[in-house]
Every structure is written in structure tokens, then in C-alpha cells.
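To start, the structure itself, in C-alpha cells.
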Amino acid sequence: MSLPSTQKAIIVEETGGPEVLKVKTDYPVPTPQEGQVLVKNNISGINFIDTYFRTGLYPSPKPEVLGREGAGTIVALGPGANPYGFKVGDRVAWLSTGGYAEYSAVPAAKTIKVPDGLSDEDVIGAFLSGLTVVTLVKEAYPVQKGDWVLLHAAAGGAGFLMTQVLKSLGAKVIGTAGGPEKVELVKSLGADVVIDYKSDEGKDWVKKVKEVTGGEGVTVAYDSVGKDTWEGSLDAVKRKGTVIYFGNASGPVPPLPLTRLSPKCIKIGRPQLFGYIEKREEFEFYTNELFTLLKSGQLKVKIHKVYPLDQAEQAQRDLEGRKTTGKLLLRP
């Protein structure tokens with residue numbers, strides 16, 4: 001297959017606001033190395049973690065191409081062994097870096113064939129976020145039927161999916177969201193209680209959580225907001241409860257003394273997806289779990305908008321401005 005030598009890509013040369021996302025039309029198409037495949041992206045995902053690398057909250061070498069996931073077609077294989085049996089023409093989804101581009105050279109070990117019956121948009125609408133969700137509810141804290149669960153940002157990209165997965169496990173879900181439209185969306189997903197943190201009632205959301213749970217608190221709180229909610233999440237869990245921090249939408253959780261956990265014997269976790277899918281068998285297990293949920297219809301994807309690649313800056317502005325519900329995608 002004849003491949004171009006250059007491509008369109010979004011480059012970040014220095015940390016800063018969304019304005020540092022620059023469109024390049026002559027960026028080199030990468031050559032896949034041993035253990036890699038070259039994918040022509042049909043769709044790429046936009047995730048809040050992309051903004052952390054852009055701002056420098058998560059340090060990374062610059063210049064860089066953002067984007068942690070994509071779906072498309074394999075157009076070249078790296079030299080050497082091919083343990084997963086990939087071939088040119090396979091339709092695949094991948095997790096790595098460099099998704100804000102037409103072509104990405106990605107690890108074969110974090111690439112998987114997309115089953116028939118699932119669109120690229122549905123797969124990437126749920127891929128990184130959905131794998132995060134499945135590992136959080138299966139491993140970070142194994143959710144049991146009847147557990148009271150507090151889920152912050154329940155209308156966001158991960159929250160939208162997690163609400164559905166939690167209900168499929170039989171949990172009782174208290175979601176937080178900002179504004180009537182997002183509240184109605186979360187209710188439509190089956191959440192038992194939805195707190196509008198922008199309303200008068202929502203300003204004391206910990207009190208509302210305690211009321212709903214008979215004064216006891218929730219079994220587990222999943223907190224992707226961070227700085228604005230971390231302390232309230234600790235207050236909202238019951239004795240011997242668990243708090244899982246997995247994002248920093250409002251800023252990082254500050255250092256906290258371990259003695260803060262002692263009175264209620266609270267457990268906390270700060271996992272990341274890649275720690276749960278480091279081995280190929282783990283990646284395949286959780287990916288197959290996710291694909292099964294999607295194919296069965298138990299998990300539905302909400303796409304906020306598909307942006308052209310050169311509108312990546314606007315897409316990140318919309319994401320950080322809390323103007324979105326569901327998943328943002330890029331079309332290279």
C-alpha cells in the first residue's frame with residue numbers, strides 16, 4: 001500500500017491553554033517500529049486527560065500529538081513478530097498516544113480488532129472511558145448489588161457510561177450534575193437520585209447524600225472532579241466506605257494526612273486505567289467485556305459532537321467549559 005509521507009496533525013509545542021493546539025498539514029507520517037502497527041484513523045477520541053498533558057498538569061515531552069485512543073484501519077505492520085495476527089486492512093481500535101492525527105503508529109499490544117456490528121464512533125465513544133469505567137467498578141472497588149454509589153460528573157463522558165454500568169450491576173446510584181438538562185439526562189440513564197450541584201439544594205450535596213442514605217452515607221464514591229469535591233466525597237461515604245479518585249476536572253486533590261481517613265476507617269484509591277490493562281490478557285478481557293456491553297445494548301453511547309481535526313482547539317474549549325454531555329470525537 002502506498003502511503004503519504006506527510007499528514008495533518010494537531011501539535012502541542014508548549015504547555016498552555018487550548019490556543020497552543022496548532023494545526024500542521026506537513027507533519028511526518030510515522031514509520032511503525034517493531035511491536036507497532038500503523039493505523040489510518042477514522043475517528044479519534046477527546047478526553048479530559050488530553051487537557052492535563054496540554055497544560056502540563058501531567059508532564060510530557062513537547063512537542064507532542066495529543067490523543068489517547070482511535071479507531072481505523074491498519075495500513076502497515078512494524079518489522080518482526082506479529083503475535084496477535086494483525087494484517088493490513090484490519091479494522092481496529094487502539095489505546096496509546098498521538099490520536100489527533102490522520103495516522104498513528106501504536107503498540108500492537110494495545111490494539112484490538114473491532115467486531116462486526118459496532119461502528120467506529122460507538123467504539124471510541126466508549127473505549128477509553130468505558131474501559132476506565134469497567135475497571136473501576138470491577139477492580140478499584142468491586143460494586144455489589146444494593147450498594148449505594150455516589151458518582152460525580154454523572155453526565156460527563158465517563159459518568160454517562162458509568163451510570164449505566166452501575167445500574168446493570170444492581171447498584172443504587174446518586175449522581176451529581178450541573179444544570180437541569182444534565183440532571184434529566186442522568187435520570188434517563190436510571191440513576192436513583194440526581195443532585196444538581198448548581199441548585200440551592202446542590203450547594204450542600206453532602207447533606208443530601210446523607211439524607212438519601214438514611215444518614216449513613218454511600219458505600220463508595222467515584223470522584224473525577226478532584227479539588228472541588230474530594231473532601232465532600234470523604235464526608236459522604238459511610239463508615240468503612242471507599243473513595244476512588246480518578247480525575248482532576250477542577251484541579252488535583254491536594255496532599256491529605258492519612259489520619260483524615262481514620263475516624264470512619266475509609267479506604268481510598270487513585271487508580272489509572274493502564275495499571276489494570278498492562279498485560280495483554282487483561283486488555284483483551286476488559287475490552288471484550290466492554291464490547292459485549294455495547295453489542296448487547298446494555299451500554300449506550302452518547303456522542304456530543306464529532307469535530308473536524310482542525311477544530312480540536314474548540315473541542316477542548318467546549319470540554320473544559322462544561323458545555324458538553326457525552327463523548328467528543330475528532331474526525332481526522
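The values are calculated or read from the model by the stated rules, or taken from the named source; none is laboratory data. Here the structure is a predicted model, which means the values were calculated and not measured. Note that we place each Cβ from the backbone using ideal geometry, even for glycine, and neighbour counts take in every protein chain shown.
Let's see how each residue does on (1) of a type in the set (Asp, Glu); (2) out of contact with any strand residue (DSSP E or B) (no Cβ under 6 Å at 6 or more places or on another chain); (3) crowded, with 20+ Cβ neighbours inside 10 Å; (4) over 16 Å from Ser119 (Cβ atoms):
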{"site": "Leu261", "(1), (2), (3), (4)": "no, yes, no, yes"}
{"site": "Arg270", "(1), (2), (3), (4)": "no, no, no, yes"}
{"site": "Phe285", "(1), (2), (3), (4)": "no, yes, no, yes"}
{"site": "Gly297", "(1), (2), (3), (4)": "no, yes, no, no"}
#### Entry: Residues (in contact (Cβ under 8 Å) with a residue 60 or more places away in the chain, surrounded by 13 or more Cβ atoms within 10 Å (Cβ to Cβ), more than 15 Å from Leu77 (Cβ to Cβ) and touching a helix residue (DSSP H, G or I) at 6+ places or on another chain (Cβ under 8 Å)) located in segment 10-35
Ile10, Pro18, Leu21, Val23
### Query
Would you say Lys279 is over 22 Å from Lys167 (Cβ atoms), surrounded by fewer than 16 Cβ atoms within 10 Å (Cβ to Cβ) and out of contact with any Asp or Glu (no Cβ under 9 Å at 6 or more places or on another chain)?
yes
### Query
Taking segment 167-218, which residues are in a loop (DSSP other than H, G, I, E, B), in contact with a helix residue (DSSP H, G or I) (Cβ under 7 Å, 6 or more places away or on another chain) and within 27 Å of Leu299 (Cβ to Cβ)?
Leu169, Leu189, Gly190, Ala191, Tyr197
### Query
So which of Tyr286, Tyr307, Tyr222 is assigned by TED's automatic domain parsing to the domain that holds Leu161 and either in contact (Cβ under 8 Å) with a residue 60 or more places away in the chain or within 17 Å of the chain's Cα centre (by Cα) (or both)?
Tyr222
### Task
Look through segment 175-193, keep the residues that are among the aliphatic types (A, V, I, L, M) and surrounded by fewer than 24 Cβ atoms within 10 Å (Cβ to Cβ), and return whichever of them is farthest from Lys327 (Cα to Cα).
Val193
### Task
Keeping to segment 92-113, report how many residues are closer than 21 Å to Ile277 by Cα and part of a strand (DSSP E or B).
11
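Yes/no matrix, rows are residues, columns are (1) within 12 Å of Pro332 (Cβ to Cβ); (2) not in a loop (DSSP other than H, G, I, E, B):
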{"residue": "Gln7", "(1), (2)": "yes, yes"}
{"residue": "Glu14", "(1), (2)": "no, no"}
{"residue": "Pro30", "(1), (2)": "no, no"}
{"residue": "Lys40", "(1), (2)": "yes, yes"}
{"residue": "Ser44", "(1), (2)": "yes, yes"}
{"residue": "Ile49", "(1), (2)": "no, yes"}
### Summary
Within segment 36-65, the count of residues that are of a type in the set (Gly, Ala, Ser) and surrounded by 15 or more Cβ atoms within 10 Å (Cβ to Cβ) comes to 2
## Note on the structure
If we ask which residues in segment 250-259 are among the β-branched types (Val, Ile, Thr) and either surrounded by 15 or more Cβ atoms within 10 Å (Cβ to Cβ) or modelled with pLDDT under 95 (or both), their number turns out to be 1
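Residues checked against (1) acidic (Asp, Glu); (2) surrounded by fewer than 18 Cβ atoms within 10 Å (Cβ to Cβ); (3) assigned to a strand (DSSP E or B):
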| position | (1), (2), (3) |
| --- | --- |
| Pro115 | no, yes, no |
| Gly125 | no, no, no |
| Glu139 | yes, yes, no |
| Gly159 | no, no, no |
| Val220 | no, no, yes |
